[in-house]
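One structure below.
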Amino acid sequence: MRNFGQILKEIGEFGLFQKRLLFALCALNVFPSLDVIGQVYTGRSFPHHCNTDWILERGPNLTEERQKNLTIPVNEDGSFESCKMFTPVDWDLEDIEKYGINTTTKCTDGWDYETGPGDSTVLTEVNKEKDHFYAPCWPVD
């Protein structure tokens, strides 16, 4: 029985045919990879804001709207900021409501998406994992 080295000697060097074959196979594999990678960047985008569940430790009965008002800055047009939140503080809920929070920071605990029932995308599914999330605000961070 021949070993691998002897078989390679009989086949010959890595010539023009092998180079063409390798190039053709590699060139054809570019298109499926673009399709797979493109799903992340062409996926549907939902309105989002920072996850601010830290305030629920101080006031567990807050409505979602009240939670956003206390923890997310408002833009000039009246919408909530997508990529910033007020810096978490160790105050009780009454002090937060009385004095407000003035310093902002980037999102630290991921994002909440305003999706309808049954709506999901690659982005929202990946961000359900708390240890690994894709930053929809990466140019801002």
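Values in this text are rule-based calculations from the coordinates and carry no lab data. Quick caveat: nothing in here was measured; it's all calculated off a predicted structure. Here the Cβ is made from the backbone with ideal geometry for all residues, glycine too, and neighbour counts use every protein chain on show.
How would you rank 6-17, 80-91, highest first, on the average number of other Cβ atoms within 10 Å across their residues? Don't jump to the answer; show the numbers that get you there.
Details: 6-17: 9.2, 80-91: 16.4.
Going by the mean number of other Cβ atoms within 10 Å, highest first, we get 80-91, 6-17.
Quick one: order R58, R20 by neighbouring beta-carbon count within 10 Å, fewest to most.
Ordered from fewest to most neighbouring Cβ atoms within 10 Å, R58, R20 come out as R20, R58.
If you only keep lysine pairs separated by 8 or more in sequence, or across chains, how many in the range 1-100 come under 27 Å at the Cα atoms?
Count of close lysine pairs: 4.
Quick one: Debye curve from the C-alpha atoms of the range 1-119, no solvent, what's log10 I(q)/I(0) at q = 0.11, 0.15 Å⁻¹?
So the normalised log intensities are -0.58, -0.81.
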